[in-house]
Amino acid sequence: MTTKPPLTLRLAAPRGFCAGVDRAIQIVEEALKKWGAPVYVRHEIVHNRHVVERLEALGAIFVEELEECPDDRPVIFSAHGVPKSVPAEAGRRNMIYVDATCPLVSKVHVEAERHFSNAREIVLIGHAGHPEVIGTMGQLPPGAVALIETVEDAAAFQPRDPANLAFITQTTLSVDDTAEIVAALQARFPGIATPHKEDICYATTNRQEAVKVFAPGAGLVLVIGARTSSNSVRLVEVALRTGAARAELIASADDIDWTWFEGVTTLGLTAGASAPEDLVQGVIEACRERFEVTMETVKTADETVTFKLPRVLVG
């Protein structure tokens, strides 16, 4: 009988679903209960194919634009937020719509509007083309928000009035990268207005902190999440930057290349904020089939945040 090689598996806590993702998925489920199938969802409700496919099986239809939706069926806006033009158009068409925008993203929208009403020029730190960035920039007229993606962008940015600036950020960024960009902006524009409270959401921060604890000494870190999931991609970057010999993004256990494990005795495992826990357990089981696994939980925070569902669904 061959003995399995030993593997220490460091499991991040917290990991996986955040309160905003939980709420968005519940909104789709409750809408299907209330109005029956089909319910339309503009853009993937969260960036995870497994979640999307489960909701499709229940009767949700995912589309990219409102024009793909019929007037007589409810439509849900994704957790990432939408430009103001989208609910305005839904209202013009007399559609039933439910906004599943994460409340922490909505907070950034409110900040942007406050700065705009105070006649400040606004800088958004984020990734071009990400739905959250499109939604945040779409809260205000074209040209009101300038996007900065890198320290180099911060160095090159030429505001109209350097004394009247404010910055906001995408909620799913790398904490460390963002700090560098903010420092570059503040060095150039000492009076730049900052968010009342950190824009990067608690869940993104917590998941990155757990990875920073277990990455040093890990021969391999696996992050479960989608390539379109900003917070999941950032976890891979954080793992590599803080000492993991290798880090890979996988959608599920099916994506594991077992040659990655050659010479590995310590594995770090986490999941992005839109990845369900059953995918984590699937990876653990796949590891147990091949290794004598010793589990260690790396706990860096307790998450107790919950968000209420929209009134239209709880009445």
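Every number here is computed from the coordinates shown, using simple stated rules; none is lab data. The structure displayed is predicted, hence computed values, not measured ones. Every residue, glycine as well, gets a Cβ built from its backbone with ideal geometry; the counts of neighbours run over all protein chains shown.
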Original post:
With the dipole of the chain worked out from charges on the C-beta (+1 for Lys and Arg, -1 for Asp and Glu) around the Cα centre, which of Thr228, Ala156, Leu140 lies farthest toward the positive end?
Top reply: Leu140
**OP:** Before anything else, pin down the relative contact order of the stretch 103-188: Cα pairs under 8 Å, at least 6 apart, normalised by residue count, whole percent.
**Re:** 38
Original post:
Which of rounded, prolate, oblate describes the stretch 103-188, given a ≥ b ≥ c as roots of the alpha-carbon gyration tensor eigenvalues and a/c under 1.5 marking rounded, otherwise prolate only if a/b is larger than b/c?
Top reply: oblate
Subject >> Pairwise label distance in nanometres, Ile284 with Ile61, each label 7 Å out on the Cα-Cβ vector >> reply: 3.9
Original post:
In the chain, what is the count of Lys pairs whose alpha carbons are under 29 Å apart, counting only pairs at least 8 residues apart or on separate chains?
Top reply: 20
**OP:** Mind jotting down the distance between the C-alpha centroids of the stretch 247-303 and the stretch 67-131, whole Å?
**Re:** 35
**OP:** Could you grab the relative contact order for the stretch 147-275? Cα pairs under 8 Å, six or more apart, rounded to a whole percent.
**Re:** 25
Original post:
Mind checking the dipole of the chain: about its Cα centre, +1 per Lys or Arg Cβ, -1 per Asp or Glu Cβ, Debye to the nearest 20?
Top reply: 660
Original post:
Rounded, prolate or oblate: which fits the chain when a ≥ b ≥ c are the square roots of the eigenvalues of the alpha-carbon gyration tensor, with rounded for a/c under 1.5 and prolate only if a/b beats b/c?
Top reply: oblate
Original post:
So, with +1 on the Cβ of K and R and -1 on the Cβ of D and E, and no other charges, what is the size of the charge dipole of the stretch 156-268 about its Cα centre, to the nearest 20 debye?
Top reply: 320
**OP:** Would you mind checking which residues have amide H under 5 Å from Met295's amide H? H placed 1.01 Å from N; only 5 or more apart, or other chain.
**Re:** Leu9
Original post:
Highest mean first, what order results for 24-31, 4-11 on Cβ atoms within 10 Å?
Top reply: 24-31, 4-11
**OP:** Would you mind calculating the relative contact order of the stretch 1-125 from Cα pairs under 8 angstrom and at least 6 residues apart, reporting the percent as a whole number?
**Re:** 23
Original post:
Based on Cβ point charges of +1 for Lys and Arg and -1 for Asp and Glu, what charge dipole magnitude is obtained for the stretch 19-102 about its Cα centre, in debye rounded to the nearest 20?
Top reply: 240
**OP:** Sort 168-179, 47-58, 257-268 for me by packing, meaning the mean count of neighbouring Cβ atoms within 10 Å per residue, highest on top.
**Re:** 168-179, 47-58, 257-268
Original post:
What is the gain in length, in nm to one decimal, between Lys34 and Lys299 on full extension, counting 0.36 nm per residue of separation less the C-alpha to C-alpha distance?
Top reply: 91.6 nm
**OP:** Using per-residue counts of other Cβ atoms within 10 Å, averaged over each peptide, order 12-20, 240-248 from highest down.
**Re:** 12-20, 240-248
